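Reviewing the structure listed below.
The values are calculated or read from the model by the stated rules, or taken from the named source; none is laboratory data. This one's a predicted model, so the numbers in the text were calculated from it and none came from an experiment. Positions of Cβ are backbone-derived with ideal geometry, glycine not excepted, and every protein chain shown enters the neighbour counts. Quick note on the areas: whole protein, heavy atoms, side chains included, nothing else; ligands and nucleic acids left out. Shrake-Rupley method; radii C 1.70, N 1.55, O 1.52, S 1.80 Å.
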Amino acid sequence: MTSSILSKPSSLSGEIKIPGDKSVSHRAILCAALAKSVSTVNNLQHSEDVLNTLNVVRQLGIRIEREETAYKIFGKGLKGLSNPKEDLYFGNSGTGIRLTAGVLAWQSFNSELKGDFSLSKRPMQRISEPLSIMGAKLLLTSENTPPIKIIGTTNLSAISYEMPIASAQVKSAILFAALNAKGVTKITEPLITRNHTELMFKQIGIDIQVNQNEILLSGQNEFEGAQIDVPGDFSSAAFLIVGALISPNSSILIRDVGLNSSRTALIDVLLSMNASIEILNQRKFGEEEVGDLKVNSSELVSCTVDSEIIPNLIDELPILFIASLFAKGESKFFGIEELKHKESDRLAAMQSGFEKLGIETQYTNDILSIDGKGSDFLLQEGQIDSFEDHRIAMSFVIAGLRAKKQIKIMNSDCINTSFPEFISQLDSLGAILNESK
Ligand code: S3P
């Protein structure tokens with residue numbers, strides 16, 4: 001069954017607490033499962049993606065108990081996982097399948113990792129290549145996509161690996177594999193990507209050293225469980241931030257937002273566009289920076305986004321494209337090719353949505369240009385397909401706040417993969433939305 005959302009012109013005001021971060025949640029579950037004692041994870045994201053990873057870890061023999069706002073995960077140490085009775089299902093989640101493959105690469109049992117229609121089309125050679133060099137045995141389809149069959153082997157060796165693409169998922173798959181590999185693994189990144197795995201390893205006492213784009217990790221050391229407090233998801237907050245910036249008379253406070261600098265390039269770009277964003281109450285959850293964000297409606301000007309920072313706002317590009325449409329002047333985005341390999345081809349999906357609303361964009365030589373219309377601009381009525389991609393759906397729901405009448409977003413169920421509270425939170429901030437199931 002498919003659902004749709006009608007998004008209508010509105011302003012946003014009020015205060016919300018943003019739910020837990022997806023990237024940190026996946027890592028917390030895996031680290032807790034591999035620790036040799038119990039961990040308590042607070043504020044885990046309750047999305048379909050994260051619940052799938054939680055379920056996979058249960059299938060691997062780990063006891064998990066839900067308390068009011070926390071999960072207790074009874075880790076059994078590096079050698080504690082057991083043979084799953086069935087295939088492991090990761091739904092829509094590239095992070096879930098790639099990071100878990102790094103763990104299953106060094107188990108004594110075989111496993112098969114699967115996903116939904118979208119995940120079944122995503123590239124997995126980027127992880128099977130380095131993991132194979134370490135001695136793992138991963139079999140992919142002839143298109144190098146899932147299902148991933150892993151033949152159990154317990155003897156991985158460390159690797160010295162220069163990553164050909166900037167990907168935190170690939171880096172993290174190697175780091176999870178390196179946890180039980182013999183020797184010291186060295187990873188060199190072409191550009192700095194999100195560093196949640198490194199920070200969580202550090203928090204739980206794993207000996208990891210990071211020097212700019214070089215990471216060193218020595219394997220085969222057991223570690224204890226810990227209390228992990230998951231910060232709010234900056235990528236979820238991004239939709240509300242842009243919503244408040246582009247809709248007039250808006251003023252919102254978003255509490256407990258993760259502000260890890262490898263994730264927040266969107267704030268820097270928006271500030272360069274004249275956005276009114278203030279960071280308050282900055283503090284730490286474990287090794288992760290957290291703060292509250294005060295955002296007011298703003299008259300935005302265009303931006304230029306260089307390829308070096310793309311990994312630090314890769315998930316925020318669709319909503320940044322929406323912001324740039326309501327900015328004055330032409331915005332340019334360099335080196336955005338990786339967008340084609342996300343939950344959908346996000347470049348094609350965004351261009352198609354814009355086209356349905358009568359907006360033309362240009363993409364040549366891996367540069368996207370968007371001709372901004374300014375803060376008074378209103379979008380014509382239209383019907384947009386989400387391409388079953390949560391971030392495409394949420395981007396156009398936000399665009400609808402600046403419609404003349406309304407925008408209809410088809411196939412909006414996918415929002416549950418990362419931000420099931422999106423509609424209710426927007427609603428509580430005053431957005432006028434109609435959801436039909
Ligand atoms: C993620 C890394 C990014 C990002 C994804 C989550 C992670 O993917 O797009 O949503 O948790 O490591 P890549 O590392 O493949 O670019």
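Scanning residues 5 or more positions from Lys36 or on other chains, those with amide H under 5 Å from its amide H are Gly77, Phe223, Glu224, Gly225, with H placed 1.01 Å from N in the peptide plane. Summing Cβ point charges (Lys, Arg +1; Asp, Glu -1) relative to the Cα centre of region 22-229 gives a dipole of roughly 320 debye. Of the GluC sites (Glu not before Pro) found in region 106-188, the ones in coil according to DSSP and having at most 15 other Cβ atoms within 10 Å of their Cβ are Glu143.
Please work out the C-alpha center-to-center distance from region 369-437 to region 73-118 and express it in whole Å. Taking the Cα centre of each part, region 369-437 and region 73-118 sit 34 Å apart. Taking all protein chains together, Lys294, Lys284 sort by accessible area into Lys284, Lys294, largest first [probe 1.4 Å]. Ordering Asn92, Ile133, Ile150 by Cα displacement along the dipole of the chain toward the positive end leaves Ile150 in first place; charges were set at the Cβ atoms of Lys, Arg (+1) and Asp, Glu (-1).
Within a Cβ distance under 11 Å of Lys76, other residues only, what is the Lys/Arg minus Asp/Glu net charge? Taking every Cβ under 11 Å from that of Lys76, the sum is +2. Counting heavy atoms of the protein chains alone, Tyr161 has an accessible area of about 30 Å² for a 1.4 Å probe. Annotation: amide H of Ser250 within the under-5 Å range of Leu12, Ser297, sequence separation 5 or more or interchain, hydrogens built in the peptide plane.
Listed values for region 84-91 are Karplus-derived 3J(HN,Hα) couplings in whole Hz (6.51 cos²θ - 1.76 cosθ + 1.60, θ = phi - 60°), namely x, 6, 10, 4, 9, 10, 10, x, and x replaces Gly and Pro. The modelled label-to-label distance between Asn213 and Gln362, using points 7 Å beyond Cα along the C-beta direction, is 3.0 nm.
Sort Ser160, Ser47, Ser132 from largest to smallest accessible area, using a 1.4 Å probe on the heavy atoms of the protein chains.
Ser160, Ser132, Ser47
Result for the chain in a Gaussian network model with C-alpha springs under 10 Å: among Arg63, Arg122, Arg391, the largest mean-square fluctuation is at Arg63. Helical content alone sets the calculated 222 nm signal of the chain at -8500 deg cm²/dmol, taking -39,500 (n - 2.57) per DSSP H segment of four or more residues and averaging over every residue.
Restricting the calculation to Cα atoms, region 51-208 yields a radius of gyration followed by a Dmax of 15.1, 45 Å. Bridging of Lys137 to lysines at a Cα separation below 21 Å is possible for Lys79, Lys85, Lys114, Lys121, Lys149, Lys171, Lys182, Lys186, once same-chain residues fewer than 8 apart are set aside.
Taking each residue as 0.36 nm, the span from Lys8 to Arg283 lengthens on full extension beyond its C-alpha to C-alpha distance by 95.4 nm.
Neighbours of Leu88 by Cβ distance under 12 Å: Lys/Arg scored +1, Asp/Glu scored -1, total +1. Per residue, the solvent-accessible area of the chain (1.4 Å probe, heavy atoms of protein chains only, all protein chains present) comes to 38 Å². Computed from the C-beta positions of Glu15 and Glu65, the FRET efficiency with R₀ = 51 Å rounds to 0.95. Length gained on full extension, Gln220 to Asp427, computed as 0.36 nm times the residue gap minus the Cα-Cα distance: 69.7 nm. Ligands, DNA and RNA left out, the accessible area of the chain computed with a 1.4 Å probe is 46% carbon and sulfur.
Computed over the chain, relative contact order equals 21 percent, with contacts defined as Cα pairs under 8 Å that lie 6+ residues apart.
Can you give the FRET efficiency to the nearest 0.05 for Ile133 and Asn83, using r as the Cβ-Cβ distance and R₀ = 22 Å? Intermediate values should be presented prior to the final figure.
Details: r = 25 Å, r/R0 = 1.16.
So the FRET efficiency works out to roughly 0.30.
Here the chain is assigned +1 on the Cβ of each Lys and Arg and -1 on the Cβ of each Asp and Glu. Its dipole about the Cα centre then comes out at about 840 debye.
Classify region 333-437 as rounded, prolate or oblate from the Cα gyration tensor: take a ≥ b ≥ c as the square roots of its eigenvalues, call it rounded if a/c is under 1.5, otherwise prolate when a/b beats b/c and oblate if not. The shape class here is oblate.
Taking all protein chains as they are arranged and a probe of 1.4 Å, the heavy atoms of Glu360 leave approximately 140 Å² accessible to solvent. Selection among Ser250, Pro231, Ser261 by position relative to the dipole of region 205-263 gives Ser250 as farthest towards the positive end (Cβ unit charges, Cα centre).
Highest mean first, how do 265-271, 209-215 rank when packing is the count of other Cβ atoms within 10 Å averaged over residues?
So the order, starting with the most tightly packed, is 265-271, 209-215.
Here the calculated FRET efficiency for Ser307 and Lys114, from their Cβ-Cβ distance with R0 = 30 Å, stands at 0.35, rounded to the nearest 0.05. Translational diffusion coefficient, Stokes-Einstein: compute it for the chain using the Kirkwood radius over C-alpha pairs as Rh, at 37 °C and 0.692 mPa s, and state it as an integer in µm² s⁻¹. So the translational diffusion coefficient is about 149 µm²/s.
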